[in-house]
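Working notes, structure below.
Nothing in this text is a laboratory measurement; each read-out follows from the coordinates by a stated rule. From a predicted model like this one, the values you see are computed outputs, not experimental measurements. Because the Cβ atoms are built from the backbone with ideal geometry, glycine has one as well, and the counts that use them run over all protein chains shown.
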Amino acid sequence: MSKAKSAFFCNNCGYESAKWAGKCPACNEWNTFTEELVEKGEKKDAGWDDYNTQQKGTQVIAINEVNSQSEKRISSADPELNRVLGGGIVLGSIVLVAGEPGIGKSTLFLQQGLMMKDQTVLYISGEESIQQIKMRADRLNLQNENFYLLTETHTAQIFKAIKKLKPTVVIVDSIQTLESNLIDSAAGSVSQIKQTAAEFQKFAKETGTPVFLIGHITKEGSIAGPKILEHMVDTVLQFEGDRHYAYRMLRTLKNRFGGTSELGIYEMTSEGMKVVNNPSAFLIAQRNESLSGSTIAASMEGMRPLLIEVQALVTQSVYGTPQRTVTGFDLRRLQLLLAVLEKRGGFAFGMKDVFVNIAGGLKIEDPSLDLAIILSLLSSYEDVPLPQGICFAGEVGLNGEIRAVNRIQQRIAEAEKLGFEKIYISEFNKKGIEQKKYGIQIISVERVDEAYRLFF
């Protein structure tokens, strides 16, 4: 038996060091090194090498000799999952799904596995018993004869079961519970996460079997485990949402086989995750148009246009330091917009408390919300409600100019579909847009002060 010894690993990036250090030389984070036992020696068989009998040896090939072909995909029964994956599940891909505890990760992918009736699905759980999973499956009211369960944490035993069953899709819940016999440290440690993920990566690539790895996130909101875990996988999905709201969002952070920043929206119900086909209608359904400080923004999440409600409240500050509170939007971006209104518009927000909320529990990073937020702030500041049937799409620059945003035609079409009468966009966006093609009036604005004069 090879001699086991300890090594130090960075919990943030996975950097390995022979001795402890206060600062990681790779990611420059402080006090992130932990000592773990590792086994240095010849690696043993992982237990699945004979799964694919057509393995090829190591060889060098010219790129001109490689036959070009599009990746083969499995179409899921869930259109939202197909959307965020770029058109379906790619054979041989490894997908990391992260989210907060209790947000619904296990429920979502148990539901996905049960819906793949034409595939042999193996659901591996290291957190729950078979009875617990069966109880959740009964609540989902789904049946699948080709769906199999395995409660195991050792990868050697898992691959033995895989060799016997030969599934076409594998779901692992979760990667932090797995452990390999090749590593002596405890499950969930940096070295164990790296080793078990590497074993599943090799399995997926050599057998062409797609693997979903469910993972946890830290209290800071980042994916638990070393950063190298995100580099190893093909796709990173983040499942997020507010527990106090029924809506959940499946967001693409990385995708080697499609675009990033795609968004799938679900509604949490007693029977599992329900696909929201028209999220814009849901997000603006509870809006009170007679109150000030409320606007509608035409945003984009990936390739999907979304109309969302922006709420703002501006009040006189009671305490010495004015408050700046934001929900679903970047606080630093709000401070920038307030500075623009102070400098370019002459509005005295310095002694005002400002509260901004993106309705529905969404987190939006699209800069096209700037114009809607500016008008919401001014509407609350003047205590004058904006007219009904209007929406906004425009980025605000430091000089107070309204800048163009991407995919403006899709935003206009979405606003027209939902029955809006007017949409306000940047003057630079209006070039090339024919008004007669749309049943909605398109109005261009150039500066923030011009937008103010239109409504107040």
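Report the paramagnetic label zone for V275: residues of the range 103-124 whose backbone N is under 20 Å from a point 7 Å from Cα along the Cα-to-Cβ axis. Within reach of a label on V275, which here means backbone N under 20 Å from a point 7 Å along Cα→Cβ, the range 103-124 contributes 104-121. Of the labelled figures (1) 33.2; (2) 35.8; (3) 27.7, only one reflects mean projected area of the Cα convex hull in nm² as derived from the coordinates, namely (3). Are there trypsin sites (Lys or Arg not before Pro) in the range 58-127 that DSSP puts in a loop and that have at most 15 other Cβ atoms within 10 Å, and which ones? Hits after loop and neighbour filter: K72, K117. Positive-end ranking of V172, G350, A298 along the dipole of the chain, with charges on Cβ about the Cα centre, is headed by V172. Excluding D242 itself, what net charge comes from residues whose Cβ is under 12 Å from its Cβ, given Lys and Arg +1 and Asp and Glu -1? Charge balance in the 12 Å sphere: +1. Between L336 and E71, the FRET efficiency estimated from the beta carbon spacing at R0 = 41 angstrom works out to 0.50.
In terms of surrounding Cβ atoms within a 10 Å radius of their Cβ, K274, K437 rank from fewest to most as K437, K274. With a Förster radius of 51 Å applied to the beta-carbon distance between A285 and K205, the computed FRET efficiency rounds to 0.65. Here the extension length gained between T153 and S17 equals 46.3 nm, from 0.36 nm per residue of separation less the Cα-Cα distance. Dipole size of the range 281-455 about its Cα centre, with +1 on Lys/Arg Cβ and -1 on Asp/Glu Cβ: approximately 280 debye, rounded to the nearest 20. Computed from point charges on the beta carbon alone (+1 for Lys and Arg, -1 for Asp and Glu), the dipole magnitude for the chain about its Cα centre is near 520 Debye. Each residue, F257 and T34, gets one label point 7 Å from its Cα in the Cβ direction; the gap between the two is 3.2 nm. Summed over qualifying helices (DSSP H, 4 residues or more, each -39500 (n - 2.57)) and divided by its residue number, the chain shows a 222 nm mean residue ellipticity of -7000 deg cm²/dmol. Our estimate of slack between K227 and L398, defined as 0.36 nm per intervening residue step minus the Cα-Cα distance, is 58.1 nm. Cβ crowding within 10 Å, taken as a proxy for footprinting-reagent exposure, orders L375, L178 from fewest neighbours to most as L178, L375.
Each residue, E434 and F456, gets one label point 7 Å from its Cα in the Cβ direction; the gap between the two is 3.9 nm.
Look at the Cα gyration tensor of the range 72-277: its axes a ≥ b ≥ c give a/c under 1.5, and that counts as rounded.
As a rough footprinting exposure proxy, the listed residues M232, M116 were ranked by other beta carbons within 10 Å of their own, and the order from fewest upward is M232, M116. Around the amide H of I94, modelled in the peptide plane, lie the amide H atoms of V211, D234, T235, all under 5 Å away and 5 or more residues distant in sequence or on another chain.
About its Cα centre, the range 158-292 has a charge dipole of approximately 400 debye under the convention of +1 per Lys or Arg Cβ and -1 per Asp or Glu Cβ, with nothing else charged.
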